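Structure first, then comments.
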């Protein structure tokens, strides 16, 4: 099972057409089984921006997709619209569902709307009802099914000098994901990639193995931050019954193409637990940086 994970397209003034074309060119060669877009399709939630984003999605591989809205997909300055119909244009052009589930005999992916138009415009929020949606979707599925959660906002900060705040009550959500046996959390919002583990931030949450985190940078806009300032990226995620392999792709201005930048391999969480009659042998994540 392979996932193409893109995020923060920001159709509108920040969108970079040449980078978008590079994504369209490389995406079929990755042969993804699923497309995940973790929010911020637009810059200012305008109908024409959503329409352009929807047309762009049609040019990507024709595979099932999981999409969630980002904070830029609700109006910021059109206050009355934000308070009464914050997702009107998103529902029309991108998806009528804000929280969604995709399942096969290999994988279940739960997309959660982390936007909070009336209370936390920038940093988002996962209210209890959305967590219950996730619990209902994941609590009764087969233990061996690969479990993935997608939300726009981040549950952990990127480990760098920018010191981003996380969503309010992010720890509550992470504890639930650990309880439900989630393998991977996918997100965006930070405008730079971070690939790691919840144990980097919540040492008591799932301390046997934690949950793999794959934050995607901005795939097609000039709004990159931190070490991805003025850079663009996406993640290629390959999942098996035993491993999670994430290849981080960066756009190269010289070649005008995306190319692999680093590869990260993790053992799937519950597979790491030893058999009762065997000694414990910890399996650590393997990271090969530079080229894939």
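The values are calculated or read from the model by the stated rules, or taken from the named source; none is laboratory data. For clarity, every value in this text was computed on a predicted model and none was experimentally measured. In this analysis, Cβ positions are derived from the backbone assuming ideal geometry, glycine residues included, and neighbour counts consider all displayed protein chains.
Scan region 108-124 and give yes if some residue there is at pLDDT 95 or above, more than 28 Å from residue 165 (Cα to Cα), buried (at least 17 other Cβ atoms within 10 Å of the Cβ) and touching a helix residue (DSSP H, G or I) at 6+ places or on another chain (Cβ under 8 Å), otherwise no.
yes
Within region 30-50, can one find any residue that is over 20 Å from residue 188 (Cα atoms), touching a residue at least 60 places away in the same chain (Cβ under 8 Å) and assigned to a helix (DSSP H, G or I)?
Yes: one or more hits.
All but one of (1) farther than 30 Å from residue 142 by Cα; (2) surrounded by fewer than 20 Cβ atoms within 10 Å (Cβ to Cβ); (3) at pLDDT 95 or above hold for residue 19; which doesn't?
(2) is the only condition that residue 19 fails.
Considering only strands (runs of 3 or more DSSP E) fully contained in region 191-292, which possess at least 2 residues that are modelled with pLDDT of 95 or more and either farther than 26 Å from residue 146 by Cα or in contact with a helix residue (DSSP H, G or I) (Cβ under 9 Å, 6 or more places away or on another chain) (or both)? Can you show your working first?
Details: elements: 194-197, 212-215, 233-239, 243-252, 257-267, 286-289.
In region 191-292, the matching strands (runs of 3 or more DSSP E) lie at 212-215, 233-239, 243-252, 257-267.
So which residues in region 233-258 are within 15 Å of the chain's Cα centre (by Cα) and under 13 Å from residue 219 (Cα atoms)?
233, 234, 235, 236, 248, 249
Consider residue 61 carefully, then state whether it is touching a helix residue (DSSP H, G or I) at 6+ places or on another chain (Cβ under 7 Å) and in a loop (DSSP other than H, G, I, E, B). Explain how you work it out, then say what you get.
Details: touching a helix residue (DSSP H, G or I) at 6+ places or on another chain (Cβ under 7 Å): yes; in a loop (DSSP other than H, G, I, E, B): yes.
Yes; evaluated as a whole, the condition is true for this residue.
So, in region 156-171, exactly how many residues are surrounded by 17 or more Cβ atoms within 10 Å (Cβ to Cβ), at pLDDT below 90 and in contact with a helix residue (DSSP H, G or I) (Cβ under 7 Å, 6 or more places away or on another chain)?
1
Considering each of 174, 182, 178 in turn, give the residue that is part of a helix (DSSP H, G or I) and surrounded by 22 or more Cβ atoms within 10 Å (Cβ to Cβ).
Working: 182 fails: part of a helix (DSSP H, G or I); 178 fails: surrounded by 22 or more Cβ atoms within 10 Å (Cβ to Cβ).
Sole residue among the options that is part of a helix (DSSP H, G or I) and surrounded by 22 or more Cβ atoms within 10 Å (Cβ to Cβ): 174.
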